[in-house]
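Notes follow the structure.
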Amino acid sequence: MNLADVTRDFPDEKSCTAFLERQRWPNGVECVKCNSQRISRITSKGKTGKERLLYECMACGNQFTVKAGTMFHDSHIPLRKWFMAIAIICQAKKGISANQVGRTIGVSLKSAWYLCHRIREAMNTGDLPLLKGTIELDETYVGGRKRRDESKETWYERKHPVVGIVERGGEVRFRKMPRANAKSVRAVYDKCVSPNVHRIVTDESAIYPYMFNKDEELKRFTIKHAERYADGWIHTNTVESSFACFKRGLVGSFHKLSYKHLDRYLHEFEFRQNNRKNPAMFERVLQNSAATPHLTFRALVDSGGSRF
């Protein structure tokens, strides 16, 4: 669903509420407190005079809205604008800045920044299937440009390592690491890759001989980039292409981001690439929103860390 579909299919708040209700509770509305399906619908008017739909649980007496316990929780931004923002972010292959999202849907930069991070949080799908078959493994550094008169060692201290793992014909995993060494890469590898993987393709980095056991070394094939970029099927071009999308987004759209928020940006690009052929990407974000803990603004701005 793209921006044109959202503006056509959701002309008002009622249509957005009905659609979110179907996505969140396909088998009928359930109480967010006791999971009972004995629900009564109440239409009320708040202080602003706008109508809103409330649900009241006949079992425990709890009153709640369709937004309760989702990424929309405690948000005064209309659902229609939320839907527009989700559609924009889902369609932006190389990312889109909060400033641009704010201008498009008509909210302030502060609101757009908060909104975008909550959407990225909903794109974190948690535990994913282990990768198998033929995988490509590579690492990269993200960070700022080298400053004038800055040593190479100091520059690399400001950059942060990210490991990427791609299953040929399958999904991708992006994870940030504290350091680019065998121990850190191995920790990510064990969480993302099946022990029964068929083949492993890496470059000639000195990290990999120290992280694989003897059986895994028999499955590992190395491409020497000093000589060529591909030797038949032996290459890491797939994972490097995935890195390229993220880095173009960092340079061209976001410009700067905090290390604290790096995980969310990686989740965004990972989710978008893994669902690029899924026509229900928009609906999946809405479904994930119900399982996403409420991300407060205070949690975002506290201890933001360095920018790069």
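Just so it is clear, none of the values below were taken in a lab; they were calculated from the coordinates. Please read these numbers as outputs of a predicted model, since none were measured by experiment. Note: ideal-geometry Cβ built from the backbone for every residue, glycine included; neighbour counts use all protein chains shown.
For Ile42, Ile165, Ile105, the sequence from fewest to most other C-beta atoms within 10 Å is Ile42, Ile105, Ile165.
Counting charges near His73 (Lys, Arg +1; Asp, Glu -1) among other residues having Cβ under 11 Å from its Cβ returns a value of +1. Both radii were evaluated on the Cα set of the chain; the Rg over Rh quotient, with Rh as the Kirkwood radius, amounts to 1.03.
The length gained by stretching the chain between Asp215 and Lys183 to full extension, at 0.36 nm per residue less their Cα-Cα distance, is 9.7 nm. Centre-to-centre separation between the Cα atoms of region 235-308 and those of region 137-182: 15 Å. For Val142, the residues 5 or more places off, or on other chains, whose built amide H falls under 5 Å of its own are His160, Val162. Considering only Arg80, Arg41, Arg272, the Gaussian network model of the chain with Cα springs below 10 Å gives its largest mean-square fluctuation to Arg41. Based on DSSP H segments of at least four residues, each scored -39500 (n - 2.57), the chain has a per-residue ellipticity at 222 nm of -11000 deg cm²/dmol. Taking a threshold of 24 Å on the Cα-Cα distance, which of the pairs Lys14/Lys45; Lys45/Lys67; Lys93/Lys219 fall above it? Correct reply: Lys93/Lys219. Cross-link partners of Lys214 among lysines, defined as those whose alpha carbon lies under 24 angstrom from its own and excluding same-chain residues fewer than eight positions apart: Lys132, Lys183, Lys191, Lys224. Annotation: extensible slack from Ser194 through Glu283 equals 29.2 nm (criterion: 0.36 nm per residue apart, minus Cα-Cα distance). A simple rule links phi to the HN-Hα coupling: the Karplus curve 6.51 cos²θ - 1.76 cosθ + 1.60 with θ = phi - 60°, which for region 227-233 gives 9, 7, 9, 8, 10, x, 7 Hz, with x for Gly and Pro.
Helix 262-274 and the longest principal axis of the C-alpha atoms of the chain enclose an angle of approximately 90°. With both labels modelled 7 Å from their Cα along Cα-to-Cβ, the Ala244 to Tyr259 distance reads 2.9 nm.
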